[in-house]
Amino acid sequence: MNALKNALSIPLLLACFWGAPVAAADSTAGEQKSATCLGCHGPKGKSGSAQWPNLAAQQSTYIVNQLNAFKTGTRSNPIMQAMAGNLNDDDIKNLAAYYSGLPPVSAGGDPALVKSGQAKADMCLGCHGSSAKGNGQFPRLAGQHPGYLVNQLGHFKEGMRKNGPMQAIVGNLSDEDIKALAAYFGSL
């Protein structure tokens, strides 16, 4: 009986190793690949312009999902669609590992709006994490450029970016609410 058990367990063990995922993401390879991202997203993922998001400390799952969305065209941005179109699955995972492992940055925010935004932020923290640091597929908002956040929330409100829950939430926000929330999250 033991001989039969041992004879069956060896092929089972080998099948597990053969079926295991190939290599984990390589942040060093991601850092090397990030050279093509520097022009917009800045060194170490800190963008110098509110036109482009900070990627430092962003959720890796979110980065993977967004790069794949650009690659497949389900998220529209001609520059990012071209950039993501040149990435394979390993490149995407490696970039996500690199950027998610960087220390967070803060873009700052208008102090007059920060307090107002803090009072409204609870509606966002359920998905984006209690400190707005992101939560898996939900992006990090903490430290993001307020101007970038205003633009993206506007895109959700106008239907240019599709996401039912985000469109419903933003649909109930005034332009002043959006500016206040963006200032608060940028200040973190």
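The values are calculated or read from the model by the stated rules, or taken from the named source; none is laboratory data. All of these numbers come straight from a predicted model, not from anything done at the bench. All Cβ positions, glycine included, derive from the backbone under ideal geometry; neighbour counts span all protein chains shown.
Remarks
- TYR184 in contact with a Pro (Cβ under 7 Å, 6 or more places away or on another chain), touching a residue at least 12 places away in the same chain (Cβ under 8 Å), part of a helix (DSSP H, G or I) and not assigned by TED's automatic domain parsing to the domain that holds ALA69: no
- Exclusive hit being of a type in the set (Lys, Arg), outside the structural domain of THR36 (by TED's automatic domain parsing), more than 29 Å from PRO43 (Cβ to Cβ) and out of contact with any Gly (no Cβ under 6 Å at 6 or more places or on another chain), set LYS133, LYS120, LYS179: LYS120
- Only residues that are more than 13 Å from the chain's Cα centre (by Cα) and among the aliphatic types (A, V, I, L, M) were counted across segment 85-101, and they come to 1.
- Matching entry among GLY117, GLY143, GLY129 (being surrounded by 17 or more Cβ atoms within 10 Å (Cβ to Cβ), more than 20 Å from PHE70 (Cα to Cα), touching a strand residue (DSSP E or B) at 6+ places or on another chain (Cβ under 7 Å) and at pLDDT 95 or above): GLY129
- Failed condition for GLN59, given (1) touching a Gly at 6+ places or on another chain (Cβ under 8 Å); (2) surrounded by fewer than 17 Cβ atoms within 10 Å (Cβ to Cβ): (2)
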